[in-house]
Amino acid sequence: MRGRYVVVAALTCVAVGAHADDFFRDGSFNGELRLYRFDRNYDADTQHDSRANSLAGLFTVKSGKVGGFSLAATAFSAQSFGTQSNDVSRVDTSLMGPKNSISGFSQAYLEYANRWLVARAGDQYLATPWMGQSDSRVIPASYQGAMLDFKPAKGWDIYSIRTLRWKSRTSDGYTDDNVYYPSTYHGDSMYGNNGSLPRTTREADGTTAIGTTYAAGGWKAQAWYYDFEHFDRMGYVDGMYTLKTESGFDPFIGAQVVRQTSGSDNVLVDTKTKITGLAGNRVDAQAWGVDAGAKAGKAKFDLSYNKLERQHGAVGGGAIISPYTNTYATDPLYTTSMLRGLVEQGPGHAWKARASYAFLQDALTVTASYAHYGTNLRGESHDVYVDIVYGLDKLLKGMQLRDRWEHTVGGRNNLNPGNLPWTNNRLMISYQF
């Protein structure tokens, strides 16, 4: 609730000397409806197949501006209409948890904006590489804190972010935890998370992030520093260059680097928590990657590679500690699949081949990929992925049908249940208005 108190206090200050009509005159309302069906089918007899259905609505109200200030709030509600199984092991709890409904607010913030600056305080979505919305479920993840976006030149942004708490994509409110805490920690309804820490672990103290992004011509680049307090400190850099030609064939190449060390009073070290099966005396991760491919007309293809070095004595043998993406598979590594990547599997290497093509005047896009992982702790595995997106604007503007399917095979140490293959299918219909 603290973020909402910030908003209310700020609104009181802004409203002094201003008429309420001025503040709300140019307001806006928009939203999205999402109907999702998730299925997990396992080859292992010891693991129940699971499914989940959900109809969710996200509704955002934004006020007009007074002296550059405005207010915004996003309410959400997700309902399964009693379709959840009474046996939790047969429910895909990553969609909306085990209950039949969740509701709340994912955003409630005060914003100040001018030509050079955007500043927000309160509950809000973020879009940074290692701390974002993880928006592949009915409700996005969001954060409670403050964000400054300074724009010194066209295409160049400099960010400063401080968060105190967060709301996972299955939670109905904000809590002092992250994905390494167990489900229902301090009453949180967080599911589909890593959950390795003991329930007696101290509360998380949020995150400080400083970063910059640049995009101009064929260049896109970014650099970030994160202090995930009491978990790790991370430096991340990536860049991509696309050679734009007049032939319709535009090659591109990119590279990325991750460096991570322990923060003070590291809770993973202090609690001897095992990540990817290993505890350690420090957080110590080094990773790099490359991606190369081309756009050719309505087609796009690329081949990517990532390497995560093994570090003896480190948590997870050198695993990347990612408090807001682990098990969500929403990190920025080039080779991450729909279900997992090197963040979830630990040190080793991975490569991924991907191709996509747009049909029917770009209304239908089909993407297919193959990813292979060779890791020190989880062995050899591979994932096959198909993603079909059909825009239904001709039927109803803003409507989209999407189906994502992935089949994973291999691995050891129970990477897959019973070390046997399984398949995840996600059917999604969305309507933005």
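Points worth noting:
- Flag if Leu342 is touching a His at 6+ places or on another chain (Cβ under 9 Å) and either under 30 Å from Val366 (Cβ atoms) or open to solvent by 10 Å² or more (accessible area, probe 1.4 Å) (or both): yes
- Some residue of region 355-378 being within 20 Å of the chain's Cα centre (by Cα), among the aromatic types (Phe, Trp, Tyr) and open to solvent by 10 Å² or more (accessible area, probe 1.4 Å): no
- Single residue of region 246-268 satisfying the filter (open to solvent by less than 70 Å² (accessible area, probe 1.4 Å) and over 25 Å from the mean Cα position of the chain (by Cα)) that is modelled with the lowest pLDDT: Ser264
- Residues that are open to solvent by 70 Å² or more (accessible area, probe 1.4 Å) and either at positive phi or outside any loop (DSSP other than H, G, I, E, B) (or both), drawn from region 42-54: Arg51
- Test result for Ala75, more than 21 Å from Tyr328 (Cα to Cα), of a type outside the set (S, T, N, Q) and either touching a strand residue (DSSP E or B) at 6+ places or on another chain (Cβ under 9 Å) or not in a strand (DSSP E or B) (or both): yes
- On inspection, Val91 fails the criterion of being out of contact with any strand residue (DSSP E or B) (no Cβ under 9 Å at 6 or more places or on another chain) and under 20 Å from Asn193 (Cα atoms).
- Only listed residue being modelled with pLDDT of 95 or more, surrounded by 22 or more Cβ atoms within 10 Å (Cβ to Cβ) and in contact with a Leu (Cβ under 7 Å, 6 or more places away or on another chain), chosen from Arg137, Arg169: Arg137
- Pairing residues of region 214-235 that are without any contact (Cβ under 8 Å) to a residue 40 or more places away in the chain with residues that are aromatic (Phe, Trp, Tyr), at Cβ distances under 6 Å and at least 6 apart in sequence or on separate chains, gives Gly218/Tyr241; Trp219/Tyr241; Ala221/Tyr214; Gly235/Tyr225.
- Across region 318-339, the qualifying residues are those that are among the hydrophobic types (A, V, I, L, M, F, W, C) and surrounded by 22 or more Cβ atoms within 10 Å (Cβ to Cβ), and the one among them that is farthest from the chain's Cα centre (by Cα) is Ala319.
The values are calculated or read from the model by the stated rules, or taken from the named source; none is laboratory data. Just so it is clear, the model here is predicted, and its values are computed rather than measured. Using ideal geometry, Cβ is built from the backbone for each residue, glycine included, and neighbour counts are taken over all protein chains shown. When the accessible area is computed, the model is the full protein with side chains, heavy atoms only, and any ligands, DNA or RNA have been set aside. Shrake-Rupley method; radii C 1.70, N 1.55, O 1.52, S 1.80 Å.
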